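The values are calculated or read from the model by the stated rules, or taken from the named source; none is laboratory data. Values in this document were obtained by computation on a predicted structure and should not be read as measured data. Cβ placement follows ideal geometry from the backbone for every residue including glycine, while neighbour counts extend to all protein chains displayed.
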Amino acid sequence: MAALLLILVGAGAACAARGAFGIGTAARRRVLFGLAPPDQERAKRGAAEPLNRSLTERVLQPSLGAMGQMLSRLLPKGIAAATGTLLHRAGMRGRPGDWIAARVLLAGGLGAYTLVLAGRLPGGPLLAAGAVWAGWTAPTIYLQSRARRRRARMRDDLPDAMDLLTVCVEAGLGFDQALQRVVARFPGPVGEEFQRVLRDQSLGTPRRQAMLAVLTRTDLPELRAFVHAVLQAEDLGVRIGTVLRVQSDSLRQQRRQRAEESALKAPVKMAFPMIFLILPALFLVVLGPAVLDGVRALSVARR
């Protein structure tokens, strides 16, 4: 009986983790099919058929969605809002309720799994509580790590993207056409955010609102300065090419300063492995034979 319960609990926890991981993947697939050209209508219809969908899309995600709607009514609104913001910053398109439901299932599954394995031990309940806490916080830690990596990549790609945007605008292209060139050239987070701006504008959203939405999804100071500069240039009637040139120079200077700062921090970061890892091995290699010879000489002298 315990083995059967162990298998069921483990399967539930694995399904919850797989469903949470598939939130962003399925949403991205739906977006790609929605933007597919007309000659791919057959593939689009085939993907819409229920039998051609994966188990995650047919079973796990609807179950997580129903559970997420129920939890959204019970949990404070601040948790759902914080989860939604974190999902946007991590580049995952999913509903906050689905992610919260996956966290609840994962925490409950790991807690029950640990309780079945170590329930008879003296610290079994404490281990189960630790497993529940780990299952609840691990998805958030994963999202935060993914958001940091995405933010770092955006900070690295933004100066080059701004240079391309400036060159395209100064060559005579409109701002939207220049953004399309940036999207085609940079397939990473910067291109994804600008592509979403263009898509929102094509759906009727004003440019100001579409540009300000980027700040909510990214929270990047460099991008915030760029968006405010572009919007202010449109309000004041300033030539946008001049504004973009100033922003491009500023971003390249900031990237150079970050590189110099990282270079200055390198000796401090190397001190720990040098002192505790490299120098002991070096001393062992250099002084080891001499110490052995001295010990051998002392032992011979005592005889």
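Things to note:
- Annotation note: of Gln247, Gln201, the sole residue that is assigned to a helix (DSSP H, G or I), out of contact with any Leu (no Cβ under 6 Å at 6 or more places or on another chain) and farther than 29 Å from Ser262 by Cα is Gln201.
- Answer from Val286, Val227 - the residue that is under 27 Å from Arg199 (Cα atoms) and assigned to a helix (DSSP H, G or I): Val227
- Matching option when the condition is over 13 Å from Val169 (Cβ atoms), modelled with pLDDT under 90 and surrounded by 15 or more Cβ atoms within 10 Å (Cβ to Cβ), among Ser250, Ser262: Ser250
- The condition of being surrounded by 14 or more Cβ atoms within 10 Å (Cβ to Cβ), of a type in the set (Val, Ile, Thr) and modelled with pLDDT of 75 or more does not hold for Thr137.
- Lone unmet requirement of (1) of a type in the set (Ser, Thr, Tyr); (2) within 22 Å of the chain's Cα centre (by Cα); (3) within 23 Å of Gln253 (Cα to Cα) for Thr140: (3)
- Of all residues in region 140-152 being in contact (Cβ under 8 Å) with a residue 24 or more places away in the chain and loosely packed, with under 15 Cβ neighbours inside 10 Å, the one that is farthest from Ala102 (Cα to Cα): Gln144
- Some residue of region 165-178 being crowded, with 16+ Cβ neighbours inside 10 Å, aliphatic (A, V, I, L, M) and without any contact (Cβ under 8 Å) to a residue 12 or more places away in the chain: yes
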